[in-house]
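Asks: Got a structure here, written out as structure tokens. Questions coming.
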Amino acid sequence: MEFEVATIGERGQVVIPQQLREEIGIRKGDKFMVLRRGDMFVFKRLHAPSTADFERMLRKAQEHAKKQELRQSDVEEAIQRARGR
């Protein structure tokens with residue numbers, strides 16, 4: 001396994017070496033989740049869902065709500081209960 005060395009800047013920023021960024025297509029503004037495992041950090045790039053993915057999720061949620069016979073008022077009541085916590 002090849003590795004690169006990165007340095008932490010004065011504001012806590014880590015620069016991912018250019019070759020590694022290019023290999024997996026990391027671009028300015030990409031978002032990452034950071035996990036800590038002991039003294040090791042794992043960076044997982046986050047991807048926003050595509051419009052098609054979002055539409056599939058929405059359709060699935062609507063089907064579930066219909067199957068459970070949920071009404072708009074049920075959702076509004078659940079939101080009010082959650083906000084009251």
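The values are calculated or read from the model by the stated rules, or taken from the named source; none is laboratory data. Treat the numbers as computed from the prediction; the structure is a model and nothing was measured. Methodologically, a virtual Cβ is constructed for each residue, glycine included, from the backbone with ideal geometry; neighbour enumeration extends over all protein chains shown.
Asks: Tally time: how many residues in region 26-50 are surrounded by 11 or more Cβ atoms within 10 Å (Cβ to Cβ), in a loop (DSSP other than H, G, I, E, B) and in contact with a helix residue (DSSP H, G or I) (Cβ under 8 Å, 6 or more places away or on another chain)?
Replies: Number of matching residues: 1.
Asks: If you don't mind, another one. Tell me, yes or no, whether region 34-48 has at least one residue that is in the same structural domain as Phe3 (by TED's automatic domain parsing) and of a type in the set (Asp, Glu).
Replies: Yes, region 34-48 contains a residue that is in the same structural domain as Phe3 (by TED's automatic domain parsing) and of a type in the set (Asp, Glu).
Asks: With the condition kept exactly as written, say whether any residue in region 4-19 is without any contact (Cβ under 8 Å) to a residue 12 or more places away in the chain and in a helix (DSSP H, G or I).
Replies: Yes, region 4-19 contains at least one residue that is without any contact (Cβ under 8 Å) to a residue 12 or more places away in the chain and in a helix (DSSP H, G or I).
Asks: Criterion first (polar (S, T, N, Q) and loosely packed, with under 10 Cβ neighbours inside 10 Å) does Gln13 satisfy it?
Replies: Here the answer is yes, as Gln13 does meet what is asked.
Asks: Could I ask something else about it? Being among the acidic types (Asp, Glu) and surrounded by fewer than 10 Cβ atoms within 10 Å (Cβ to Cβ): is that true of Glu69 here?
Replies: yes
Asks: Within region 51-85, which residues are at pLDDT below 90 and not in a helix (DSSP H, G or I)?
Replies: Gly84, Arg85
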